[in-house]
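Working notes, beginning with the structure itself.
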Amino acid sequence: MNGSTLLEPGCGTSWAAGGPDVSGPTAGKASIRQLARMTPRIDKPLRREVLLDGRPYTVTITPDGVRIVPKGKRSGAHEITWLELVSGEAELHRDLVRSLAHRKPPQPSPARPRRARGKLRLA
């Protein structure tokens, strides 16, 4: 590739200044430490726009989690922390919502005549 810093097996070039040489018997195989350098940490909010069903939403990725809001709005946000996502709590919540949606609403009981309270006075 022309001036690229991508790994190319057997090309004899390196990623960036001081990067590993990718020529030789281990060409194209990056170590865990090298891969860790390739993925930047999330240290500040990162905002992107996505279209869902033709409507724009703003997705914000923070060190704490992910938040999605209809574009131009502050309310109506859906937020999930990374721990909820990894622990499976998000799936449990989704399954609970689905199960409640399929449940039939309780039928109102037929009206019963009210009993009079207090003493009955006879004239």
| field | Enumeration of residues in region 84-104 that are over 16 Å from the mean Cα position of the chain (by Cα) and either over 22 Å from ARG55 (Cβ atoms) or assigned to a loop (DSSP other than H, G, I, E, B) (or both) | value | LEU96, ARG98, SER99, LEU100, HIS102, ARG103, LYS104
| task | Would you be able to tell me the number of residues in region 57-83 that are assigned to a helix (DSSP H, G or I) and either under 9 Å from the mean Cα position of the chain (by Cα) or in contact (Cβ under 8 Å) with a residue 24 or more places away in the chain (or both)? | result | 1
| Which one of LEU100, LEU83 is surrounded by 10 or more Cβ atoms within 10 Å (Cβ to Cβ) and either among the basic types (Lys, Arg) or modelled with pLDDT of 75 or more (or both)? | LEU83
| Residue in region 60-68 that is modelled with pLDDT of 90 or more and loosely packed, with under 13 Cβ neighbours inside 10 Å present | yes
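The values are calculated or read from the model by the stated rules, or taken from the named source; none is laboratory data. Given the structure is predicted, the values throughout are model-derived calculations rather than measurements. Using ideal geometry, Cβ is built from the backbone for each residue, glycine included, and neighbour counts are taken over all protein chains shown.
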